[in-house]
1. Using a ≥ b ≥ c from the Cα gyration tensor of region 308-432 (square roots of the eigenvalues), is it rounded, prolate or oblate, where a/c under 1.5 gives rounded and otherwise the larger of a/b and b/c decides, a/b for prolate?
2. In sequence order, what are the phi-derived ³J(HN,Hα) couplings for region 141-150 according to the Karplus relation 6.51 cos²θ - 1.76 cosθ + 1.60 with θ = phi - 60°, rounded to whole Hz, with x for glycine and proline?
3. What ³J(HN,Hα) values, in whole Hz, does the Karplus curve 6.51 cos²θ - 1.76 cosθ + 1.60 give for region 310-322 when θ = phi - 60°, with x put for Gly and Pro?
4. Using label points projected 7 Å from each Cα along Cα→Cβ, tell me how many nm separate residue 285 and residue 115, to one decimal.
5. Kirkwood Rh and Cα-based Rg: tell me the resulting Rg over Rh for region 405-464, rounded to two decimals.
6. Separation between the residue 416 and residue 237 pseudo-spin-labels, each 7 Å from Cα along Cα→Cβ, expressed in nm?
7. Give the long-range amide H neighbours of residue 122: residues separated by 5 or more places, or on another chain, with amide H under 5 Å away, using H modelled in the peptide plane at 1.01 Å from N.
8. Quantify how much of the Cα-Cα distance distribution of region 270-332 extends past 13 Å, in percent.
Amino acid sequence: MANLGKSGLPLVAIVGRPNVGKSTLFNRLIGERRSIVGDEPGITRDRIYGESKWNDVRFALVDTGGIVPDDEAIIPANILKQASFAIDEAQAIVWVVDARQGVTPLDEELARLLRGTGKRVLVAANKADAVNWESDAGEFFSFGFDDVFGISAEHGNGIGEMLDALVSSGSWKLESESQGETDASYRLAPRELRLAIVGRPNVGKSSLLNRLLGEERAIVSPVAGTTRDSVDTLLETPGQSFRLIDTAGIRRKGKTIALAEKLSVIMARKSLERADVAIVVLDAEEGIAALDAAIAGYAVEAGCSIILALNKWDALANKETGTVSAFERKVRDQMKFLSWGAVVTTSALTGQRLQKLLPLAIRAHKARSLRIPTSRLNEFFEREIRQKSGITPAKTHKGSRLHVQYITQIAVRPPTFVVFTAGGKAGLHFSFLRHLENRLREEFDFFATPIRIVERHKSRKRRR
């Protein structure tokens with residue numbers, strides 16, 4: 001029985017030593033820029049999953065960090081552990097080597113490691129010259145693997161031949177066809193909830209992810225900035241599928257120096273754009289920093305529902321009965337724009353109250369997907385806007401007062417409403433907008449979810 005990826009598809013692991021082009025190949029095969037690519041060795045550290053299709057055969061891919069066997073440094077040792085997990089899960093392995101550098105002692109060490117797995121290994125000699133690929137890739141036949149291909153991950157040369165060999169294997173086709181029922185259930189699965197985990201460096205994002213998954217999915221170390229890619233992981237629970245997105249720690253612009261760090265921050269912000277709910281991880285020991293508010297602001301701009309996780313709560317000294325309430329008031333005071341966000345005190349180290357996060361995310365996701373029937377919205381409008389004359393939508397302009405005519409919902413995820421106005425001058429007063437938002441939130445239970453309100457003004461046209 002083949003090992004299957006998180007999506008129920010046959011899994012192919014992409015492995016190799018640092019800086020040989022694994023992430024470039026991964027991005028080309030899945031057709032999008034999921035892994036960060038740069039000249040600095042060791043940019044990819046965690047396992048990153050994606051999907052590809054060739055000759056009508058769908059399969060899952062996992063990109064791994066550069067393997068350095070027997071390295072005692074914390075991060076390289078953890079990269080080896082993550083790569084080992086990927087190799088164990090995989091049905092086939094694509095081993096990327098550097099055709100320009102030729103065979104290195106580290107390649108020979110990796111060849112011994114891969115032969116010991118007993119799995120099918122395709123050697124991808126990357127950076128090969130399109131004209132002389134046979135001579136560039138030929139020396140890698142010495143490792144004893146039958147499938148050696150000269151490729152260019154950057155330009156796409158030779159990749160078709162490698163994929164032909166990959167999917168034309170008798171065992172591969174047998175396994176992928178036997179998984180037809182699994183593939184069908186995958187396609188018919190309900191919409192997954194995309195849950196991003198964001199925060200500044202070293203607040204415990206990856207530890208929290210590992211706790212939620214019950215496995216060492218992401219590398220954790222005391223070194224700030226260990227996570228660089230936005231790592232997607234599928235988590236199945238009864239009734240709901242989650243796509244957990246572990247992002248790099250977001251730093252202030254002036255503190256982000258290395259190219260890899262700059263790219264990781266950009267990708268973390270892009271991850272928020274495709275997320276439904278964001279868990280903003282805060283450090284209870286260090287307190288709330290200005291950067292925390294900025295990161296939460298990025299999530300709000302992206303339209304995410306927000307859960308604030310006050311992590312490392314177990315390490316907070318001198319806690320009393322009212323400590324949680326006092327800390328929550330402090331958080332809301334420093335993030336006034338997030339008065340509607342849910343707050344949970346957690347400990348990724350001990351697992352304290354982490355069981356609350358997923359149910360809260362489901363509740364927030366339901367709220368952000370809520371569409372209010374027009375009849376209920378009309379009734380709400382009559383009661384809260386027309387009949388409450390004490391609330392002024394805007395100042396009088398040249399003797400003409402702005403009137404709110406009606407309100408309608410035009411979108412969900414996040415809930416978006418249009419307020420139609422006429423007369424006076426366009427521009428609803430912020431106090432009126434705040435009142436309207438608060439009442440909408442209370443009336444329809446838009447839990448932990450941003451509400452967007454847009455004004456559409458009808459101006460009078462002068463007749464000649």
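The values are calculated or read from the model by the stated rules, or taken from the named source; none is laboratory data. Just so we're clear, the structure is a prediction, and the values are computed from it rather than from any experiment. Neighbour counts run over all protein chains shown; Cβ positions are idealised from the backbone, glycine included. Surface accessibility is based on the protein's heavy atoms, side chains included, excluding ligands, DNA and RNA. Shrake-Rupley method; radii C 1.70, N 1.55, O 1.52, S 1.80 Å.
1. Working: a/c = 3.64, a/b = 2.10, b/c = 1.73.
Here region 308-432 falls in the prolate category.
2. Those phi angles translate into 5, 5, 6, x, 8, 6, 9, 10, 10, x Hz.
3. Couplings: 7, 7, 6, 5, 5, 8, 6, 7, 6, 6, 10, 4, x Hz.
4. Simple spin-label model gives 4.7 nm for this pair.
5. Reported Rg/Rh, Kirkwood definition of Rh: 1.07.
6. Inter-label distance under the simple model: 2.9 nm.
7. 93, 94, 95
8. On the way: 1251 of 1953 pairs.
When every Cα pair of region 270-332 is considered, 64 percent fall beyond 13 Å.
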